[in-house]
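In what follows, a structure is listed as structure tokens, so that the remarks can point back to it.
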Amino acid sequence: MKCTKCGNPQVIIKKEQSGQALCKDCFIESIEKKAIKTVKKEKLLDKGDKVLVALSGGKDSVTVLEILNSFRKMHIIDICAVTVDEGIAGYRQDGVDIAINHAKRLGIEHRVVSLKEEYGITLDEIMQRENHRGSCTYCGVFRRALINKAAREMGATKIATGHNLDDEVQGIMMNYLEGNIDNLTKLGPKTESKAEEFTVKIKPLREIPEYEIGLYVVAKGLDVHFDSCPYAMQSFRAEVSDLINKLNEKHPTIKYSTLRGYDKIKKALGNSLDKQYSSSRCKICGQPSANELCRACSFIEELKGD
């Protein structure tokens with residue numbers, strides 16, 4: 001088998017959905033071009049942006065950093081990064097160290113923030129409680145709050161996350177199955193809020209499968225943290241992921257068709273749903289909140305009462 005782009009006999013991947021076979025160099029180029037195409041098509045970046053990369057040290061966030069750095073080299077944007085230490089023993093520190101090294105390699109501003117320092121509790125300590133809500137529930141809320149706070153403090157105009165095709169399709173299916181239409185409408189390549197305290201979020205990798213991102217970092221020789229979160233297998237997302245992957249074995253284009261279908265539906269939802277903007281603020285932290293307390297502060301108060 002030869003590369004369908006250049007004829008190189010050393011093929012490293014054959015894409016089932018397209019039948020395309022690629023050598024290492026052509027594959028690397030295809031991933032970078034695809035991400036850049038998404039950035040341009042969805043207008044994710046503006047000249048002069050300071051983009052904060054949510055840098056966990058895993059394959060997705062390192063790939064986002066690597067691709068956005070190409071825009072930085074062209075003096076289109078500036079980059080900074082933040083790494084969240086959730087407090088997971090035997091897991092998180094490796095990712096933190098890798099993130100620090102990548103930030104040093106590129107010479108970019110970087111912060112490490114932690115649940116322990118901000119909220120006085122780690123995810124491990126939360127999961128030891130009898131009546132916890134599940135790791136992903138707390139982690140998602142606290143991570144978003146910490147990343148958004150870092151973006152404001154570091155003067156970022158955009159937050160870039162490493163959500164890939166698999167992540168996005170899982171999010172679509174999870175919110176649909178749970179009937180969470182509000183969260184369903186918030187998915188997409190760019191998330192904006194009327195509240196100025198919330199920085200715009202972008203997803204340059206949302207059209208690239210997880211497997212291809214893993215192969216990309218290996219092909220480029222990028223140091224990444226490949227271990228999975230020890231709490232991940234307990235999550236609803238893991239169940240949905242297994243279901244989608246089983247379907248994908250017989251229907252190789254199903255992830256793309258789900259994403260394309262959602263993007264079409266979202267336009268209709270966006271026009272028909274009356275999205276009310278709440279100008280009220282959380283009485284503890286002062287962030288925009290539809291209720292007396294934002295979700296992060298509500299969880300902390302709940303945990304204090306246990």
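The values are calculated or read from the model by the stated rules, or taken from the named source; none is laboratory data. All values reported here derive from a predicted model rather than from experimental measurement. Here Cβ is always computed from backbone atoms with ideal geometry, including for glycine, and neighbour counts include all displayed protein chains. Accessible surface areas use protein heavy atoms only, side chains included; no ligands, DNA or RNA. Shrake-Rupley method; radii C 1.70, N 1.55, O 1.52, S 1.80 Å.
Across the stretch 23-144, the volume of the C-alpha convex hull divided among the residues equals 139 Å³ per residue. Counting only protein heavy atoms, what percent of the accessible surface of the chain is carbon or sulfur at a 1.4 Å probe? C and S atoms contribute 50 percent here. The stretch 148-306 has equivalent-ellipsoid semi-axes of 29, 21, 18 Å, by the square roots of 5 times the alpha carbon gyration tensor eigenvalues, sorted largest first. If you plug the beta carbon distance of Lys47 and His251 into 1/(1 + (r/R0)^6) with R0 = 45 Å, you get a FRET efficiency near 0.65. Subtracting the Cα-Cα distance of Ile76 and Asp227 from 0.36 nm times their residue separation leaves 51.0 nm of extension gain. Taking 1.567 mPa s as the viscosity and 4 °C as the temperature, the Stokes-Einstein diffusion coefficient of the stretch 114-201 based on its alpha-carbon Kirkwood radius rounds to 87 µm²/s.
Using a cut-off of 31 Å between Cα atoms, the listed pairs Lys2/Lys220; Lys5/Lys267; Lys2/Lys201; Lys24/Lys186; Lys59/Lys264 include Lys5/Lys267; Lys2/Lys201; Lys24/Lys186 as exceeding that distance. Net charge in the neighbourhood of Glu86 (other residues with Cβ under 14 Å of its Cβ; Lys, Arg +1, Asp, Glu -1) is -3. Applying 1/(1 + (r/R0)^6) with R0 = 22 Å to the Cβ-Cβ distance of Gln20 and Leu243 gives a FRET efficiency near 0.25.
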